[in-house]
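Written below as structure tokens is the structure these notes are about.
The values are calculated or read from the model by the stated rules, or taken from the named source; none is laboratory data. Note that the structure is a prediction, hence the values are computed from the model and not measured. Ideal geometry is used to build each Cβ from the backbone, glycine not excepted, and the neighbour counts take in all protein chains shown.
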Amino acid sequence: MVLYSYLLVFLIIFSSDVDKTEYSVSNAISLTHPIQSEVQILSGFGKRVHPVLQTERKHTGIDYRVEFGDPVFSAAAGEVLKISYDNSYGHYLEIAHDNGFVTRYAQLSEISDDMKVGISVDESQQVALAGNSGQTTGTILHFELLLDGQAIDPILFFEN
Ligand SMILES: [Zn+2]
């Protein structure tokens, strides 16, 4: 009977931990799509053959269909973390949010003049214009969600 009680307590603690983890992750951030037009995702998160490199590698974000120059919006309220350029992402912007989340917007043609590292942005505030800079076969918005530096599938976190 004592052993049974211990087992029961263990199971309750274990299962409540699991619930708490799932609860805190799925409720820690809610995102709105960072584009204005109808949402069409050309490429999802996960393994794929890279369209430029033709090798299989993990796609660390999702690609939205956009027109060149379409406005890009912050997916949640936060603070500008980084504005940069590299050969892969092209012009890109990162916004830091609560609970260790960061969103990244890449392949941009232009980052809004008022974006500076450290400034606060509202959810759905325009931050950039979409484009085709960096390593891409066309005009897309490559969007990433990172948790503690690791890319995770953003599709799980959209409220709309
Ligand atoms: Zn992409």
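Give the number of residues within the range 54-63 that are without any contact (Cβ under 8 Å) to a residue 40 or more places away in the chain and either within 7 Å of the ligand (Cβ to nearest atom) or more than 20 Å from the chain's Cα centre (by Cα) (or both).
Number of matching residues: 4.
Out of the range 41-53, which residues are in a loop (DSSP other than H, G, I, E, B), in contact (Cβ under 8 Å) with a residue 40 or more places away in the chain and of a type outside the set (A, V, I, L, M)?
Gly44, Phe45, Pro51 - these are the residues of the range 41-53 that are in a loop (DSSP other than H, G, I, E, B), in contact (Cβ under 8 Å) with a residue 40 or more places away in the chain and of a type outside the set (A, V, I, L, M).
Within the range 111-160, work out how many residues are away from the ligand (no atom under 16 Å from the Cβ), in contact (Cβ under 8 Å) with a residue 40 or more places away in the chain and within 13 Å of Leu93 (Cβ to Cβ).
Number satisfying all stated conditions: 6.
Could you please find all residues in the range 18-57 being of a type in the set (Asp, Glu) and at pLDDT 75 or above?
Glu38, Glu56
How about the range 90-123: which of its residues are in a loop (DSSP other than H, G, I, E, B) and over 14 Å from the mean Cα position of the chain (by Cα)?
Ser112, Asp113, Asp114, Met115, Lys116, Val117, Gly118, Ile119, Asp122
I want to confirm something. Restricting to the range 26-53 and keeping residues that are within 11 Å of the ligand (Cβ to nearest atom) and touching a Lys or Arg at 6+ places or on another chain (Cβ under 6 Å), which single residue is nearest to Ala130 (Cα to Cα)?
Here the answer is Leu42.
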